[in-house]
């Protein structure tokens with residue numbers, strides 16, 4: 001009986017959680033940021049921004065594109081958009097500020113316009129992240 005109750009609870013919980021994950025606009029986007037990668041990117045990004053130092057605190061990667069959330073302590077934190085290897089290419093565009101929940105479509109359109117060629121999956125993830133998740 002106890003096993004049946006636990007199995008029923010586990011099934012119920014998984015049924016409640018799985019749909020939430022499916023609705024996440026960042027499904028399929030690599031959001032890991034190993035310490036080694038963050039440390040390797042920091043001086044390169046700092047140089048690109050003309051800052052003394054930079055701290056990379058978030059990363060979003062899909063296909064050959066990445067978005068890095070960067071703090072320099074000298075200016076507002078910003079998201080930098082890269083096509084290709086961020087250690088070899090300058091960022092395509094940057095975004096900073098605050099977005100409201102009802103601005104997701106506008107942020108996605110801005111991303112597609114300012115970062116030509118960015119995969120739609122990554123643009124949707126970014127827009128969702130800054131309007132819904134943050």
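Taken as a whole, segment 68-80 holds at least one residue that is modelled with pLDDT of 95 or more and within 15 Å of residue 30 (Cβ to Cβ). Residue pairs whose Cβ atoms lie under 9 Å apart, separated by 6 or more positions or on different chains, with the first residue in segment 21-47 and at negative phi and exposed (fewer than 12 other Cβ atoms within 10 Å of the Cβ) and the second assigned to a helix (DSSP H, G or I) and at pLDDT 95 or above, are 27/121; 27/125.
Taken over segment 59-81, the criterion of being assigned to a strand (DSSP E or B) and either surrounded by fewer than 16 Cβ atoms within 10 Å (Cβ to Cβ) or more than 12 Å from the chain's Cα centre (by Cα) (or both) is satisfied by 71 alone. When residue 97 is tested against (1) modelled with pLDDT of 95 or more; (2) surrounded by fewer than 14 Cβ atoms within 10 Å (Cβ to Cβ), exactly one condition is not met: (1). Return a yes/no flag: does segment 96-115 have any residue that is farther than 20 Å from residue 25 by Cα, in contact (Cβ under 8 Å) with a residue 40 or more places away in the chain and in a loop (DSSP other than H, G, I, E, B). Within segment 96-115, not a single residue is farther than 20 Å from residue 25 by Cα, in contact (Cβ under 8 Å) with a residue 40 or more places away in the chain and in a loop (DSSP other than H, G, I, E, B). Go through the residues of segment 47-58 one by one and say whether even a single one is touching a helix residue (DSSP H, G or I) at 6+ places or on another chain (Cβ under 7 Å), within 25 Å of residue 132 (Cα to Cα) and modelled with pLDDT of 95 or more. Yes, the conditions are met somewhere in segment 47-58.
The values are calculated or read from the model by the stated rules, or taken from the named source; none is laboratory data. In this text the structure is predicted, and so the values were computed from the model without any measurement. Cβ: placed from backbone, ideal geometry, glycine included. Neighbour counts: every protein chain shown.
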